[in-house]
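Let me begin by presenting the structure, written as structure tokens, before commenting on it.
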Amino acid sequence: MPQLSNAGLFEKTLITFGLIAGVLIVAALLRGLARLVLAGESGDRPRFWIAQVVRLLTLAAVILIVVRVWLAGTQEFTAVMGWVAAGLAIALQRVITAFAGYIIVLRGNVFTVGDRITIGGVRGDVISLGFMQTTVMEMGQSPSEQQDKPGMWIHGRQYSGRIVRVTNDKVFDTPVYNYTRDFRYVWEELTIPVRYSDDYRKVEQILLDVARRHTSDIATEARAALGKLRGKYFLGESPDVDPKVFVRLTDNWNELSLRFMVRPTNGRVIKDAMSRDIIDGLDKAKIGIASGTYAIVEFPPVKVEPVSSASS
């Protein structure tokens, strides 16, 4: 590579910093213009994506400036770029993989800001998406999921208050569960144990009435969304979005499982309201919920005999 004089080095350095400063100023002006034009909450999502595009273009422009000023025109350009690429690939393997995950997320429509997802063992709402990391507002777990890692003290799918950052390379290593991307509804269940001596059909009717009262509008929306989903994916069977009760026989009672639709963001609230109405309905019908407690109905006879002291 030709040796540069001190004047040549100073000139290239000055040109490089000048061009990079110009790029940074233009990027700042574009972000400021976006904040001015897209003010208010309705512009949050467009502002976010404009900022992402500006960051990508800024990074690309800086790389091109450095390459153009310092390497272009030299005979060793191809060799230098090859060594640089090889060194970066080895030293920044995880970083490159994370950035590749970022591209996959954007191009593959895996998730976007505002989606409720599970990634890398963390479930919550995506609040930011960067080149290397995805930021998630974590939410809790239902009681049946309390054994899942990480440990959780919130007994429902509501915010825990923790903000978690997950590297984007997790899209290559673990499944990504999206609760809101293509189908913004999930099935939920409530299980009620009923004694064999009680009328389970009456309980079934109470469950269905409560579910229809609280989820009829959600079922209507889900039915329409399911039709759109069929136009995008192949669904072998037609899922039932209307409330339904399933009965299972156990050693101790009839187990009635109520299946119904909710939105991912209001499942706990709806289950709470439904549980209260179900309790009221069972009280009016004078039907109790079976439990695993036991009543002692008879004691065996107890005989007490005095113990005589041994004679000395």
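Please go through the stretch 166-180 and pick out each residue that is part of a strand (DSSP E or B) and over 17 Å from residue 96 (Cα atoms).
Result: 177, 178.
Which members of the stretch 25-36 meet the condition of being surrounded by 11 or more Cβ atoms within 10 Å (Cβ to Cβ) and either modelled with pLDDT under 80 or within 21 Å of residue 128 (Cα to Cα) (or both)?
Selection gives 27, 28, 30, 31, 33, 34, 35.
Can you pull out the residues in the stretch 142-163 that are under 28 Å from residue 102 (Cβ atoms) and at pLDDT 70 or above?
Across the stretch 142-163, the qualifying residues are 157, 159, 160, 161, 162, 163.
If I go through the stretch 239-271 residue by residue, how many of them are free of Cβ contacts under 8 Å to residues at least 12 places away in the same chain and not acidic (Asp, Glu)?
4
Is there any pair with a first residue in the stretch 210-223 that is surrounded by fewer than 13 Cβ atoms within 10 Å (Cβ to Cβ) and a second that is part of a helix (DSSP H, G or I) whose Cβ atoms are under 8 Å apart and which are 6 or more apart or on different chains, and what are they?
The qualifying pairs are 213/277.
Which residues, counting only those in the stretch 202-244, are part of a helix (DSSP H, G or I), at pLDDT 95 or above and of a type in the set (Lys, Arg)?
Listed by number, the residues that qualify are 202, 212, 213.
Answer with yes or no whether residue 240 is surrounded by fewer than 16 Cβ atoms within 10 Å (Cβ to Cβ), over 20 Å from residue 196 (Cα atoms), of a type outside the set (Lys, Arg) and out of contact with any Ser or Thr (no Cβ under 8 Å at 6 or more places or on another chain).
In short, yes.
So which residues in the stretch 256-284 are over 20 Å from residue 139 (Cβ atoms) and β-branched (Val, Ile, Thr), if there are any at all?
278, 279
Under 6 Å between Cβ atoms, at least 6 apart or on separate chains: pull out the pairs that start in the stretch 47-71 with a residue that is assigned by TED's automatic domain parsing to the domain that holds residue 23 and end on any residue that is surrounded by fewer than 17 Cβ atoms within 10 Å (Cβ to Cβ) and of a type in the set (Ser, Thr, Tyr).
69/16
If you take the residues in the stretch 181-201 that are assigned to a loop (DSSP other than H, G, I, E, B) and buried (at least 18 other Cβ atoms within 10 Å of the Cβ), which one is nearest to the chain's Cα centre (by Cα)?
It comes out as 185.
The values are calculated or read from the model by the stated rules, or taken from the named source; none is laboratory data. The structure displayed is predicted, hence computed values, not measured ones. Here the Cβ is made from the backbone with ideal geometry for all residues, glycine too, and neighbour counts use every protein chain on show.
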